[in-house]
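The values are calculated or read from the model by the stated rules, or taken from the named source; none is laboratory data. The shown structure was predicted, so the numbers you read here are calculated from the model rather than taken from an experiment. Positions of Cβ are backbone-derived with ideal geometry, glycine not excepted, and every protein chain shown enters the neighbour counts.
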Amino acid sequence: MMEILNMRAYAKINLGLEVIGRRDDGFHELVAVLQTVSLYDEIAVAPGPALTLRCDRKGMSGERNLVWRAADLLQKESGTEQGAVIDLMKTIPIAAGLGGGSSDAAAALRSLNDLWALELSTTRLAELASQLGSDVPFFLRGGTALATGRGELLESLPTPEGQWLVLVSPDIRLPGKTPALYGRLGPDDFTDGSETAKLADALRGGGVLPEECMANAFERVADDAFPGLDRHRNAMLEAGAERVHLSGSGPSLFALVRSKSAGDALRLRLGGLGYHGVVVQTVTAEE
């Protein structure tokens, strides 16, 4: 019987994201708290004569897909001549500030490491992951982490378990989104990371998430960058969200809620206003 390995690739939100400034290498120095949530894509890998990527989303099966690049990199760096058939089932919205592509790439590295019996260490996989993107190393483990540097330096944090959220991902496309958003940041948007440090300390102490410390450097520029984003934010507030936060560089928004039932109620009220929300909860690194 053909061996098939299945893996979930969880989305993430940014509980905090501060940009310290621009580095000499062109990247930006940041401090962020990353958190996986229970919205996920699925990857299935099986032995094959060569690398083949199939995706249920049109136009995503080519060699530009980060999953393909991850598989190709792992194949070349390990020296294996084994191939694989990779099936990618997408649920996470694309280019939405939820890290879907990076999570898919990390899942590909992990599942192919197992399928091909390469036995590469987590450290080695993280080295390969960092070549694919700043967020990819985080997704090898997931859960909750404090990210520094350009996002690749990670410190695991306790997960605020059982925290429910409502996600709204507006279908607003911006070509070259991430560099475009960074390009809109000015000196007034750069901070010292102290708010995110307070957030990390609160998580270490096991307390309630302090929403007043959940800063995002892109909040100021996001509404101009994504036409109509303010309508989604206002709809969430009208539906009963106490606070609305931007995830990553957007355009996804999220609101913390006290329970699943509260999340379902908020989702239904959003639907009545003509907006689509998804109720999710935090995911630990062990899940």
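Considering (1) buried (at least 18 other Cβ atoms within 10 Å of the Cβ); (2) in contact with a strand residue (DSSP E or B) (Cβ under 6 Å, 6 or more places away or on another chain), the lone condition that THR91 does not fulfil carries the number (1).
Which of the residues belonging to the stretch 176-221 are in a helix (DSSP H, G or I) and over 18 Å from GLY21 (Cα atoms)? Correct list: LYS177, LYS198, LEU199, ALA200, ASP201, ALA202, LEU203, ARG204, GLU211, GLU212, CYS213. Among the conditions (1) acidic (Asp, Glu); (2) assigned by TED's automatic domain parsing to the domain that holds ASN113; (3) surrounded by 17 or more Cβ atoms within 10 Å (Cβ to Cβ), the only one that GLU127 does not satisfy is (3).
Of SER247, SER252, all but one fail to be in contact with a Ser or Thr (Cβ under 7 Å, 6 or more places away or on another chain) and under 25 Å from VAL278 (Cβ atoms); the exception is SER252. Kindly provide the set of residues from the stretch 131-162 that are touching a residue at least 40 places away in the same chain (Cβ under 8 Å), of a type in the set (Asp, Glu) and touching a helix residue (DSSP H, G or I) at 6+ places or on another chain (Cβ under 6 Å), ordered by number. Result: ASP135, single match.
The lone criterion from (1) modelled with pLDDT of 95 or more; (2) surrounded by fewer than 22 Cβ atoms within 10 Å (Cβ to Cβ); (3) more than 19 Å from ALA255 (Cα to Cα) left unmet by ILE43 is number (2).
Just to be sure I understand, how many residues within the stretch 244-287 are more than 30 Å from GLY176 (Cβ to Cβ) and either more than 15 Å from the chain's Cα centre (by Cα) or surrounded by fewer than 20 Cβ atoms within 10 Å (Cβ to Cβ) (or both)? Residues meeting the conditions: 23. Scanning the stretch 1-38 for residues that are acidic (Asp, Glu) and free of Cβ contacts under 8 Å to residues at least 12 places away in the same chain yields ASP24, ASP25.
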